[in-house]
Amino acid sequence: MIANADALLKPLTIKGLTIRNRVMSTSHAPGYGKDGKPQERYQLYHEEKAKGGIGLTMFGGSSSVAIDSPATPWAQISAADDSVIPFFQSFSDRIHRHGAKLMIQLTHMGRRTKWDTDNWFPTISSSPRREPASRAVPREMDEGDIARVVEDFASAARRCREGGLDGLEVSAAHGHLIDQFFSPSINHRTDQYGGSLENRMRFGAEVLSAIRKATGDDYVIGIRMSGDELLAEGLSHEECVTIAADYARRGLIDFVNIVGGQARDHIAHAISLPNMSFPVAPFLYLASAIKREVEVPVFHAQRVTDLATGARAVAEGHLDMVAMTRAHIADPHLVKKLIEGRADDIRQCVGAGYCIDRIYVGGDALCLQNAATGREATMPHVIPRADRSLKVVVVGGGPAGLEAARVCAERGHRVVLFEKERELGGQINIASKGTWREALSGIPRWLGAQVKKLGVDVRLGVEATEAAVQAETPDVVIVATGGRPNLDEVVGAAHVVPTWDVLTGKVEAAGSVLLYDATGQHHGASTAEFLAKKGCLVEIATQDRMVGEEIGTTNQPVHLRELYKLGVVMTPNTELAEVYPEGNRLVAVLRNTMTLAEEERLVDRVVVEYGTLTVDGVFRALRGGSVNDGVTDQHALVEGRPQPWAERVGVNGANGAGAGAASNGAAAGASTNAAATAEAHPGGYALYRVGDCVAGRNIHAALYDSLRLCKDI
């Protein structure tokens, strides 16, 4: 039972708008926009939260109000013309039918964007100060620009009201245009819009006044702003309090949505979007301080990952609405589960930051541990029951195997899971030992609890041989035996150890260590931190342009910060050519990838990270007895159809279950090769493999493999 749960479930009324509870999702940009519009995928993503009981869901983080604030980067929403209104209307109807409320965030990005996209207009700002993140040098706005942008905000707000949205917030955080006027770190004007705080607040006040005039006194308008920019020359906490209190007193805003920090560069961005290295709710104190000074409701997000923290924040009066945005990406049904007394079933956000990291490399937001999020049109959050019950054997208790067992059990199948180790989790158990990455352990902990609750027969410490699997007389076998460290690419492999051995304690490294990272992911960087904290003198080398090149915006700066603090030497553009012994030490030959010049390191230990190779011995052993020769029909998988041999499973096999509607038409669209494979192996079991047993990838890929296969078994 969650303490103070009643505080979360109490309605909140703002003007005439009543929100059914105190839980919300803030505006963000999941990368689902299409042609500048919130089309079906975008709407389904938010509708799942509405189905799941959320009170208020906001969309359109950085929704542009003007054509010189491009919406194309990161697949954003454009509210710059009337063509968006019908999409707002259908979106509103979709959310309202489930009892939730819907709002949008409007903004002009100012200098925080690129000039060489969309309409190729120069960026604009309060002053011509270069922005570190976008590297844009903006044009200083004159009074004509200011008047135009104010009118753009008002017109966009009118479209929101005509579109049936319940309200809107204006972004004055994360270095957007209004914040660029607020902050003395950017605004160096000497006219009525610069200098004193009163002058720096003027542009924001004009925007809010115009929005109020365009939408009416009864429309809900808020602002998202920083409670402290945490920057020596930026907005102080006291100035932020003054802005919020003044705008509220003047009736310009009906709520204030507080964040901590700003996002002018990489480390500032990582701090403002705190990952698992931060404590829970690190900036709650800023929202609490502002709530003491304003008469309007206060909203707040930033790593509020669990309902207990959110409930306490509301119950103690720090907030009026608690935003659990990434928590809803992990589990959009968390409020419904709370109401139903199923809090233990909530899949809690672990703070991996995978969702956000993907956005900033041009991808779409996907949850590391929930493969259905963002795929609501094709992937279920609630697994439907199958028409018949089958016997399923899962080999391997890592994320892929656990998800396969969970989904199959939810389908109503009888599931046996073999795991040769004494605990579930697979490679996550290794990754979670990497200093601040311990929270990853929450992924197998939730999956393990779910499979046990669903009655899966979990057999720990039991290696699944061909005979052991066959003895279960399965209808379906899913092999998820994972991978092993790849040492095959190392010349002198006998003299190196993988990062796995360091993190698990199999090898106790001491003295000087060269760590070579060929993947650019978390593994190398976190192991280097781990070694340095053990007192080793560490150099991390990589063929990439920088350490952790594949790590995203919320995580890479934290890794780099820690590596610098620990004195780790970082050597990019370098490949490991060879390792050989010299006395009781090792020589590592490094080759510059640009010049091909070689140099040597004399060290006590060489640690390498080359990714994984498949462990698929039991899969190969089981192929001969399967109806499908271990083949997964890719077209059926992508199209959301059952595998083409589904109707053969359980008919001639040992369990003898009759074919049901679940397999109707399954073979109709199957590939010729798949059908021929099924003909060649009548009866028996269907055999599939998932996760790193197929190829080394990541946690999300492992879970997605299992969900999209098993949802149709």
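Nothing in this text is a laboratory measurement; each read-out follows from the coordinates by a stated rule. Treat the numbers as computed from the prediction; the structure is a model and nothing was measured. Neighbour counts run over all protein chains shown; Cβ positions are idealised from the backbone, glycine included.
Summary of computed values
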| quantity | calculated |
| --- | --- |
| P(r), alpha carbons of the stretch 518-575 - 10 Å bins starting at zero, rounded % | 27, 60, 13 |
| For the stretch 129-240, alpha-carbon Rg relative to the globular expectation (2.2 N^0.38 Å, N residues) | 1.10 |
| Beta bridges per DSSP with both ends in the stretch 5-359, % antiparallel, nearest 5 | 10 |
| Amide H within-cut-off set for R224, under 5 Å, with H built and near neighbours excluded | V170, S171, A172, N257 |
| Interchain or long-range residues, amide H under 5 Å from G483's placed H | V615 |
| Residues whose placed amide H lies under 5 Å from that of L417, excluding near-sequence neighbours | V394, D457, V458, R459 |
| Share antiparallel - DSSP beta bridges, the stretch 493-610, percent rounded to 5 | 45 |
| C-alpha center-to-center spacing [the stretch 397-436, the stretch 61-106] in angstrom | 39 |
| Members of K452/K711; K391/K433; K15/K37; K10/K49; K391/K506; K433/K711 lying beyond 26 Å, as alpha-carbon distances in this model show | K391/K433; K15/K37; K391/K506; K433/K711 |
| Phi to ³J(HN,Hα) by Karplus 6.51 cos²θ - 1.76 cosθ + 1.60 over the stretch 154-166, Hz, x for Gly, Pro | 4, 5, 5, 5, 4, 4, 5, 5, 5, x, x, 5, 7 |
| Ratio Rg/Rh, restricted to the stretch 42-94 and using Cα atoms, in which Rh is the Kirkwood radius | 1.01 |
| Cα-based helix-to-principal-axis angle, 556-565 vs the chain, degrees rounded to 10 | 90 |
| Intensity falloff of the stretch 493-610 expressed as log10 I(q)/I(0), Debye formula with alpha-carbon point scatterers, at q = 0.11, 0.14, 0.19 Å⁻¹ | -0.31, -0.51, -0.96 |
| 25 °C / 0.890 mPa s Stokes-Einstein diffusion coefficient of the stretch 106-182, Kirkwood radius on C-alpha pairs, µm²/s | 186 |
| Mean-position separation - Cα centroids, the stretch 273-344 and the stretch 29-56, in angstrom | 20 |
| Antiparallel %, DSSP beta bridges [both residues in the chain], to 5 | 25 |
| Kirkwood Rh, Cα atoms: Rg over Rh of the stretch 289-349 | 1.02 |
| Spatial separation of Cα centroids for the stretch 480-536 and the stretch 195-220, in angstrom | 55 |
| Volume of the Cα convex hull of the stretch 470-532, divided per residue and given in Å³ | 154 |
| Loop sites in the stretch 76-145: trypsin sites (Lys or Arg not before Pro), DSSP, at most 10 other Cβ within 10 Å | R135 |
| Qualifying GluC sites (Glu not before Pro) for the stretch 385-483 [loop in DSSP, other Cβ within 10 Å: at most 12] | E423 |
| Radius of gyration, Dmax [the stretch 5-359; alpha carbons; angstrom] | 18.6, 58 |
| FRET efficiency, D145 to L460 (Cβ-Cβ, R0 51 Å, nearest 0.05) | 0.20 |
| GluC sites (Glu not before Pro) within the stretch 296-376, DSSP loop, no more than 16 other Cβ atoms inside 10 Å | E316, E340 |
| Three-way shape label, the stretch 360-418, alpha-carbon gyration tensor, a/c 1.5 | oblate |
| Separation in nanometres of the label points that stand 7 Å from Cα toward Cβ, at R342 and R135 | 4.9 |
| Extended-chain gain in nm, criterion 0.36 nm per residue less alpha-carbon gap, H96 and R561 | 163.0 nm |
| The chain - mean residue ellipticity at 222 nm from DSSP helices (-39,500 (n - 2.57) per run, n ≥ 4, rounded to 500) | -8500 deg cm²/dmol |
| Fraction of alpha-carbon pairs over 34 Å apart in the chain - percent | 52 |
